[in-house]
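A.B. asks: Can you read through this structure? Questions will come right after.
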Amino acid sequence: MNTQVRVRFAPSPTGGLHIGGVRTVLFNYLFAKKHKGAFVLRIEDTDQSRFVAGAEEYIFQCLAWCGLNPDESVLQPGEHAPYRQSERKAIYWQYAQQLIAQGHAYYAFDTPEELGKMREQHKSEQNPTPQYNHSLRKHMRNSLTMSEQEVAAALTNNTPFVIRLKVPQNKLLALQDMIRGEVTFDTNLVDDKVLLKADGMPTYHLAVVVDDYLMKISHAFRGEEWLPSAPIHLLLWEYLGWLDAMPQWAHLPLILKPDGHGKLSKRDGDRLGFPVFAMNWEDPKTKELNKGFKEIGFLPEAFINMLALLGWNDGSGQELFSLDELIQQFDICRVHKGGAKFDYEKAKWFNHQYIQKLEPSDLLAAVSPFIPSAFHGETKLMERVLPLIKDRLTLLSDIWEQSHFFFTNPEKIDTEAIQSKWDEAKKAFYVSLINAFEQMITWNEAAIEATFNEVVAHHGIKKGDVMLPFRIMLVGGKFGPGVFAIADLITKENCIKRIQNALQQL
RNA sequence: GCCGCGUUGGUCAAUCGGUUUAAGACGCCACCCUUUCACGGUGGAAUGACGGGUUCGACUCCCGUACGCGGUACCA
């Protein structure tokens, strides 16, 4: 029995890190931390044909951004190194041999073409995808149907082969799932899965069992899509003689697309306009760029909080949790069975909440990557601007849209909105306003409004009629915080300049 | 096709057989606040797939049906 809690996340480095993956990491991480255990990151790179340059480094970067760093990994090897499966090739071979010796696995020499032919031949309406199973294996080229000599000869001739699991007949297998309870499978319905591929690499099935055992994994969490292959793993744990050490399983529900059904894919993100990867991912081959939550303006804490609540809650109604609170409250048994549709609106709400909670200095730091570099020197001004526009930020990247007019004169002003009610009286008002502003010694919000009021009174004009044009002159349109606060921050000179500018255009 | 897993409002969801006329949040709508737009506040519409059981009592347990999803690769 494993006494120490050890969990693992085992991504295959083939592309961007999907939010479903991040949530699996998160649940692993929370469980490990809650039980003072270890969180292991194992790289599942057994399919060389799918190798993607940079994908492994990218995964580490994503985890670091999320604040979910592993305790053991290729970067921080523990006593169970190596942590890359491609480097553990010899280990799998050894266990595959053991299985063969025990009669629980066999060599199969069928070529891909022969396999295709078999499937074609046995295909029917009742059985559209024939499986290499207990009955069909009798008709294939494998060490069960060949003589010992034939097998030996094939092996010495370097005939390509795979090693398959010999799945027993008429057995009922039961899996105790921490989320779903007991799940049972009939072995007659499971096929003789390939354990070791022709290139000598293990498939997921062999690798996951061997590594979970060797790395002393106590609890194994993975996506629901793995549930159908659980009987293979159960069989392997039994045949390898490790049943006592088998981890406790939990199959996590899927994250579904917001519209329709089915699991969320990066296509949905493109289609509906939101990211599905934690960080930007550019495919080195296709050069296709997929947006990440980080780059689109999410705070990692908000991102994590949002994911934690997708399929889990503590029953109290609380929605905002710090990482420490999540560790404290997390309970894998309270994870839902059913999949959850991803809701980008709710995700943004979380981000808005977290932005509001940020300390001014942290907000400034968080927002700076989204400010044009030409304005990076203006931190003093930005410090004064931030409190004014903070509550209008949903994404960190909203910053410039909400604040550019504090730093630079509006390029275009919405003259149309003014034009319809424009007349000589108003024009005269603004000319006086400029004069009055020029006389001002102390320039601050209250003083500006007082002066504004005086000129309004003098002209016998309605304040409401000149407020909106004033705003548009200063910021370019019908948006932004209080006009007098804006006038204050942009300085007297700029304020006057902008009014003059607008007057010329009207 | 077969196997597995699911199914409370548009979405996330509470309820673990009875203090529920089924919480709360997002979104939506209305109003208030705001001489802009947001934020905020108040209120509102909106939910147990269907059919059978079991039980004094079912959203909650069981069975069936429907629907959805996942799997069915020398991919993970």
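The values are calculated or read from the model by the stated rules, or taken from the named source; none is laboratory data. Just so we're clear, the structure is a prediction, and the values are computed from it rather than from any experiment. Cβ sites come from the backbone with ideal geometry, for glycine too, and all protein chains shown count toward neighbours. Surface areas here come from the heavy atoms of the whole protein model, side chains and all, with no ligands, DNA or RNA. Shrake-Rupley method; radii C 1.70, N 1.55, O 1.52, S 1.80 Å.
A.B. asks: Within the group A:102, A:97, A:149, A:126, which residue is open to solvent by 40 Å² or more (accessible area, probe 1.4 Å) and in contact (Cβ under 8 Å) with a residue 40 or more places away in the chain? Spell out how you get there, then give the answer.
C.D. replies: Details: A:97 fails: in contact (Cβ under 8 Å) with a residue 40 or more places away in the chain; A:149 fails: in contact (Cβ under 8 Å) with a residue 40 or more places away in the chain; A:126 fails: in contact (Cβ under 8 Å) with a residue 40 or more places away in the chain.
Of A:102, A:97, A:149, A:126, the one residue that is open to solvent by 40 Å² or more (accessible area, probe 1.4 Å) and in contact (Cβ under 8 Å) with a residue 40 or more places away in the chain is A:102.
A.B. asks: For residue A:389, all conditions in the list (1) in contact with a Pro (Cβ under 8 Å, 6 or more places away or on another chain); (2) more than 14 Å from RNA strand B (Cβ to nearest atom) hold save one; what is the number of the exception?
C.D. replies: (2)
Matching residues to (1) away from RNA strand B (no atom under 11 Å from the Cβ); (2) under 30 Å from residue A:79 (Cβ atoms); (3) at pLDDT 95 or above; (4) under 32 Å from the mean Cα position of the chain (by Cα):
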{"site": "A:124", "(1), (2), (3), (4)": "no, no, no, no"}
{"site": "A:161", "(1), (2), (3), (4)": "no, no, yes, no"}
{"site": "A:166", "(1), (2), (3), (4)": "yes, no, yes, no"}
{"site": "A:215", "(1), (2), (3), (4)": "yes, yes, yes, yes"}
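A.B. asks: In addition: Suppose we keep only residues that are in a helix (DSSP H, G or I), in the same structural domain as residue A:138 (by TED's automatic domain parsing) and more than 6 Å from RNA strand B (Cβ to nearest atom) within region A:186-206. Which one would you say is least open to solvent (accessible area, probe 1.4 Å)?
C.D. replies: Going through the qualifying residues, I end up with A:187.
A.B. asks: Just to verify a result, which residue in region A:262-294, among those that are open to solvent by 50 Å² or more (accessible area, probe 1.4 Å) and in a strand (DSSP E or B), is modelled with the lowest pLDDT?
C.D. replies: A:263
A.B. asks: Here's another thing I want to ask about it. Search region A:62-86 for residues that are closer than 20 Å to residue A:300 by Cβ and in the same structural domain as residue A:12 (by TED's automatic domain parsing) and pair each with any residue that is of a type in the set (S, T, N, Q) and at pLDDT 95 or above when their beta-carbon atoms are under 6 Å apart and the residues are at least 6 apart or on different chains.
C.D. replies: A:63/A:69
A.B. asks: Does residue A:258 qualify as being part of a loop (DSSP other than H, G, I, E, B) and surrounded by fewer than 19 Cβ atoms within 10 Å (Cβ to Cβ)?
C.D. replies: Against the criterion (part of a loop (DSSP other than H, G, I, E, B) and surrounded by fewer than 19 Cβ atoms within 10 Å (Cβ to Cβ)), residue A:258 qualifies.
A.B. asks: What are the pairs with Cβ atoms under 8 angstrom where one residue, in region A:391-415, is farther than 28 Å from residue A:292 by Cα and the other, located anywhere, is crowded, with 18+ Cβ neighbours inside 10 Å and among the small types (Gly, Ala, Ser)? Sequence gap at least six, or different chains.
C.D. replies: What qualifies is A:410/A:476; A:411/A:476; A:412/A:476; A:413/A:476; A:413/A:502; A:414/A:476; A:415/A:502.
A.B. asks: Here's a follow-up. Taking the condition of being modelled with pLDDT of 95 or more, in contact with a helix residue (DSSP H, G or I) (Cβ under 8 Å, 6 or more places away or on another chain), in a loop (DSSP other than H, G, I, E, B) and away from RNA strand B (no atom under 11 Å from the Cβ), how many residues in region A:8-60 meet it?
C.D. replies: Within region A:8-60, residues that are modelled with pLDDT of 95 or more, in contact with a helix residue (DSSP H, G or I) (Cβ under 8 Å, 6 or more places away or on another chain), in a loop (DSSP other than H, G, I, E, B) and away from RNA strand B (no atom under 11 Å from the Cβ) number 2.
A.B. asks: Considering each of A:355, A:441 in turn, give the residue that is of a type in the set (A, V, I, L, M) and part of a loop (DSSP other than H, G, I, E, B).
C.D. replies: One residue alone meets the criteria, A:441.
A.B. asks: Inside region A:446-506, counting only helices (runs of 4 or more DSSP H) that do not spill past its ends, which hold 2 or more residues that are surrounded by fewer than 17 Cβ atoms within 10 Å (Cβ to Cβ) and in contact (Cβ under 8 Å) with a residue 12 or more places away in the chain?
C.D. replies: Counting at least 2 such residues, we get A:463-475, A:492-505.
A.B. asks: I would also like to ask the following. Could you check how many residues of region A:315-343 are over 19 Å from residue A:177 (Cα atoms), near RNA strand B (Cβ under 10 Å from one of its atoms) and either open to solvent by 30 Å² or more (accessible area, probe 1.4 Å) or out of contact with any Leu (no Cβ under 9 Å at 6 or more places or on another chain) (or both)?
C.D. replies: Residues flagged as over 19 Å from residue A:177 (Cα atoms), near RNA strand B (Cβ under 10 Å from one of its atoms) and either open to solvent by 30 Å² or more (accessible area, probe 1.4 Å) or out of contact with any Leu (no Cβ under 9 Å at 6 or more places or on another chain) (or both) within region A:315-343 amount to 8.
A.B. asks: Another one. Among all residue pairs at least 6 apart or on different chains, which show Cβ distances below 9 Å where the first residue, located in region A:168-193, is under 25 Å from residue A:253 (Cα atoms) and in contact (Cβ under 8 Å) with a residue 12 or more places away in the chain and the second is among the hydrophobic types (A, V, I, L, M, F, W, C) and in a loop (DSSP other than H, G, I, E, B)?
C.D. replies: Hits for this filter: A:173/A:190; A:178/A:335; A:179/A:335; A:187/A:167; A:190/A:167; A:191/A:167; A:193/A:167.
A.B. asks: Under the condition of being aliphatic (A, V, I, L, M) and more than 14 Å from residue A:229 (Cα to Cα), which residue from region A:152-171 is surrounded by the most Cβ atoms within 10 Å (Cβ to Cβ)?
C.D. replies: A:163
A.B. asks: Just checking, which of A:373, A:361, A:397, A:368 is small (Gly, Ala, Ser) and within 16 Å of RNA strand B (Cβ to nearest atom)?
C.D. replies: A:397
A.B. asks: Out of A:143, A:73, I need the residue that is of a type in the set (S, T, N, Q), surrounded by 16 or more Cβ atoms within 10 Å (Cβ to Cβ) and more than 15 Å from RNA strand B (Cβ to nearest atom). Which one?
C.D. replies: Exactly one of A:143, A:73 is of a type in the set (S, T, N, Q), surrounded by 16 or more Cβ atoms within 10 Å (Cβ to Cβ) and more than 15 Å from RNA strand B (Cβ to nearest atom), namely A:73.
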